[in-house]
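Beneath this line is the structure, given in structure tokens, with notes to follow.
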Amino acid sequence: MSRVEHLARRFFWSLKSVEVDPVDLDWARSALSGPEFALFEKMRTHDQVHSIAVARDVAAELELSERSWVVAAALLHDVGKVESGVGVAGRVVAAVLEPVMPDRFVEKLAGAPGWAGRVGAHLRYTEMGAVLLGSVGSDPRVRAWAREHHLDRSRWTVPPVEGLALRAADDRAMSGVDGGVARS
């Protein structure tokens with residue numbers, strides 16, 4: 001799937017009404033510490049549904065119990081998005097800018113007031129997620145995955161087997177978005 005197709009699919013899915021299945025929410029609660037789950041609850045419903053799909057997929061692939069750093073990393077990899085406070089329009093702008101905007105401009109944008117600053121903050125969500133997770137005492141590998149999940153694998157600090165499984169589950173969950181339900 002091309003980047004444009006991927007972004008279009010994400011955009012139209014984000015416009016649909018979705019709810020987190022209570023069973024999935026309980027599963028996520030059991031996989032996270034209390035402070036981590038409090039962060040998870042701050043995530044947009046769409047991000048929760050996506051993250052649960054990623055976590056269930058990677059847990060099944062690696063035959064993990066729910067109390068695993070890998071499951072926590074899957075559930076919390078997008079948690080930094082809560083800090084930006086942008087809605088669908090801001091996320092669209094950030095997704096379009098991300099591949100073409102140099103880091104030095106992202107820093108300037110993130111420091112701008114108002115909506116532009118929130119878009120800039122969204123562009124830095126991976127870093128912000130690692131900081132949030134550090135503030136609640138998450139495992140260093142969970143923090144690393146939040147920060148590194150969009151990087152080339154040569155730059156990962158998480159173990160490669162788990163990193164590859166997390167990346168593949170994330171890709172499958174996004175490519176499986178259909179009719180407002182992420183592949184689980």
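Observations
- Restricting attention to the stretch 12-34, the residues that are open to solvent by 70 Å² or more (accessible area, probe 1.4 Å) and assigned to a helix (DSSP H, G or I) add up to 5.
- Residue within the stretch 53-64 that is farther than 22 Å from Arg118 by Cα, buried (at least 18 other Cβ atoms within 10 Å of the Cβ) and of a type in the set (Lys, Arg) present: yes
- Of the residues making up the stretch 144-161, those that are surrounded by 19 or more Cβ atoms within 10 Å (Cβ to Cβ) and more than 16 Å from Met43 (Cα to Cα) number 7.
- Residue check, Val86 β-branched (Val, Ile, Thr), modelled with pLDDT of 90 or more and open to solvent by less than 80 Å² (accessible area, probe 1.4 Å): no
The values are calculated or read from the model by the stated rules, or taken from the named source; none is laboratory data. Bear in mind the structure is a predicted one, so any value in this text is a computation, not a measurement. Neighbour counts are summed over all protein chains in view; Cβ atoms, including those assigned to glycine, are modelled from backbone coordinates with ideal geometry. Surface areas here come from the heavy atoms of the whole protein model, side chains and all, with no ligands, DNA or RNA. Shrake-Rupley method; radii C 1.70, N 1.55, O 1.52, S 1.80 Å.
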